[in-house]
Amino acid sequence: MQLYKNQNIKIYNSLSGTKESFKTITEGYVGMYVCGPTVYSHVHLGNVRTFMSFDMIFRYLKHLGYKVRYVRNITDAGHLENDADAGEDKITKKARLEEIEPMEVVQRYTVDFHNILNLFNFLPPSIEPTATGHIIEQIELIKTIIDNGFAYEVNGSVYFDVHKYNETNNYGILSKRKLEDLIHNTRELDGQSDKKNPQDFALWKKAEPQHIMRWPSPWSDGFPGWHLECTAMSTKYLGDHFDIHGGGMDLKFPHHECEIAQNQAAKGQSPVNYWMHANMLELNGARMSKSTGNIINPTELLTGHNDIMSKAYSPSVIRFFMMQAGYRSVLDLTDAGLSASEKGFNRLLEAISELESLNASEKSTLDIESWKQKCYDAMNDDFNTPILIAHLFDAVKYINQIKEGSQSISATDLNTFKTTLHAFVFEVLGLTNTTEAAADTDKLTGAVNVLIKLRQEARANKNFALSDQIRDELAEAGIQLKDSRDGTSFSVN
């Protein structure tokens, strides 16, 4: 069904700073690109929230009947440690520390990324391109930018000339930063860089002798700049001009700003109509940080093996919790918040199960069509999931009233009610009935705890061979034991 023809979506466009009516470039089709992970470590829970926001948007657009090409990339090279043009490649550094090949790092954490997202019931993107799979496209893009006068080569590296670009364009159009302010706040590099200006950014970097990941190019054996990768991959699969580009708020500058500049320099036009940015996830009122210990990973949250939360929470409860805040709002992850979401989620599922036993009447005393449109209106208002959920709890109230006999519903309205409720809960929000999954998690936890107890007894009896055997065989099965002063916990890799 082409429901989108009867719905007027408004999207907050980071480019204009206002909500704008959503008009696709091609009627009935949506091209959407979202910056994916750099696969050098386990996926961060904050990243999960960002990708979950765009999974929800993808789901709603599909629900409305749009044909959506959703492209989410994998960065497997070129992302340096400080997100700029200096430091070591994140993946290369991880490979060096673990004494394995860089592509082993990529494979390990790409699999981990997919496994975690599958647990949270994500739909796969239409295309998931990798940076290393598009080196040729990136080289050709650099050639075009050089030919157009917006880049220069020095000692085998190629840099984007921000000052030259800003003469005819606006570098800072997305982030609302002015180049003059960037110049004023930038420390001089005292000849330590090949750049003409500190604000210029790398399109291609010459590889040092020790750099493992390198490809031949007209300028040197080297690797592409991080910003360039997304420009090459997005335009290859969505065209030079597409509908939506999404990512975390932290990518607005410089990453997305540089994407706009690259596309303008190469193609002569801005690449995207709607720039969307998801906000950050905090933990107990503070920024998540490994250095302060204020951090929890998805697996720890799901298994309950952490020192922050009182218990384990199912993927759907966590997803429900995240959907209770707008994607542009900062969300504070707390035990109390998750516990409240769990109760609300269970209430919602219990009410939905009651739907099947409701009896239809000759007429309705409830305005189901009005309630249905309110659900759509919420999602049409920049994908306002908190308001949608409020309307879903109105539905819970209606179900209880019908069951008690204080309200009635006709057969036609009952069918509409069921269809709409199921669509928004399971299809759009991506929630699942987690009773069976929770039971499986409890069984796994129970079995591993038995083995942990046996291992502790073996160690107490100085049977270290058996103790090590239990630990190693669990590790081979993907279950990592962690010994501490407070005992032994585990995580599932």
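Measuring from label point to label point, each 7 Å out along Cα→Cβ, what is the Asn433 to Lys10 span in nm?
A separation of 3.8 nm, rounded to one decimal place.
Quick check: with the 1.4 Å probe, what order do Leu429, Leu15 take by accessible area, largest first?
Highest to lowest solvent-accessible surface, that is Leu15, Leu429.
So how compact is the stretch 44-192: Cα radius of gyration and Dmax in angstrom?
Spelled out, the Cα radius of gyration and Dmax of the stretch 44-192 are 19.4, 56 Å.
Considering only the other residues whose Cβ falls under 14 Å of the Cβ of Asp381, what net charge follows from Lys and Arg at +1 and Asp and Glu at -1? Let's see the in-between values first.
Details: positive: Lys10, Lys19, Arg328, Lys374; negative: Glu20, Asp377, Asp382.
For residues surrounding Asp381, the net value is +1.
Rounded to the nearest 0.05, what FRET efficiency do Ala447 and Ile25 give with R0 = 45 Å and r taken as the Cβ-Cβ distance? Could you check?
0.30
Ignoring the sites themselves, what is the longest stretch of the chain with no GluC sites (Glu not before Pro) in a DSSP loop and at most 14 other beta-carbon atoms within 10 Å?
189-355
Within 10 Å of each candidate Cβ there may be at most 15 other Cβ atoms; applying that plus a DSSP loop requirement, which trypsin sites (Lys or Arg not before Pro) in the stretch 1-100 survive?
Loop-located and lightly packed - Lys23.
Suppose the chain between Ile183 and Glu208 were pulled fully straight at 0.36 nm per residue; how much longer would it get relative to their current alpha carbon spacing?
Result for the pair: 6.2 nm of gain on full extension.
Cβ under 11 Å from Ala232's Cβ, Ala232 left aside: what net charge do those residues give with Lys, Arg +1 and Asp, Glu -1?
Neighbourhood net charge equals -3.
Can you give the % of DSSP beta bridges in the chain that are antiparallel, to the nearest 5?
Looking only at bridges with both residues in the chain, the antiparallel portion is about 50 percent.
Would you tally the net charge around Asp221, using a Cβ to Cβ cut-off of less than 11 Å, leaving Asp221 out, and scoring K and R as +1, D and E as -1?
Computed value for this residue: +2.
At 7 Å along Cα-to-Cβ for each site, give me the label-to-label distance between Arg328 and Asn197 in nm.
Result for the modelled spin labels: 3.1 nm.
Taking R0 as 60 Å, what FRET efficiency do you get between Ala336 and Asp147 from their Cβ-Cβ distance, rounded to the nearest 0.05?
In this case the efficiency is close to 0.55.
Report, to two decimal places, the Cα Rg of the chain normalised by 2.2 N^0.38 Å (N = number of residues).
Its radius of gyration relative to the 2.2 N^0.38 Å reference: 1.11.
Anything over 18 Å Cα to Cα? Flag those among Lys5/Lys372; Lys311/Lys453; Lys93/Lys252; Lys67/Lys372; Lys178/Lys252; Lys23/Lys252, in the order listed.
Lys311/Lys453; Lys93/Lys252; Lys67/Lys372; Lys23/Lys252
Carbon-plus-sulfur fraction of the accessible area of the stretch 1-124, 1.4 Å probe, in percent? Let's see the in-between values first.
Working: 2540 of 5240 Å².
For the stretch 1-124, the apolar C and S fraction of the accessible surface comes to 48 percent.
How much mean residue ellipticity at 222 nm does the chain get from its helices, if each DSSP H run of length 4 or more adds -39500 (n - 2.57) and you divide by all residues, to the nearest 500 deg cm²/dmol?
So the helix-based figure for the chain works out to -14000 deg cm²/dmol.
Could you give the nm distance between label points at Thr18 and Ala465, where each point is 7 Å from its Cα heading toward the beta carbon?
Roughly 7.8 nm, to one decimal.
Determine the relative contact order of the chain: mean sequence separation of Cα pairs under 8 Å and six or more apart, normalised by residue count, in whole percent.
16 percent
Residue-wise, which Karplus ³J(HN,Hα) couplings in Hz belong to the stretch 31-44, taking 6.51 cos²θ - 1.76 cosθ + 1.60, θ = phi - 60°, and x for glycine or proline?
My calculation for the stretch 31-44 gives x, 10, 10, 10, 5, x, x, 8, 8, 10, 7, 4, 5, 7 Hz in order.
The values are calculated or read from the model by the stated rules, or taken from the named source; none is laboratory data. Keep in mind it's a predicted model, so treat the numbers as computed, not measured. FYI the Cβ positions are ideal-geometry reconstructions off the backbone, even for glycines, and counts take in every protein chain you see. Accessible surface areas use protein heavy atoms only, side chains included; no ligands, DNA or RNA. Shrake-Rupley method; radii C 1.70, N 1.55, O 1.52, S 1.80 Å.
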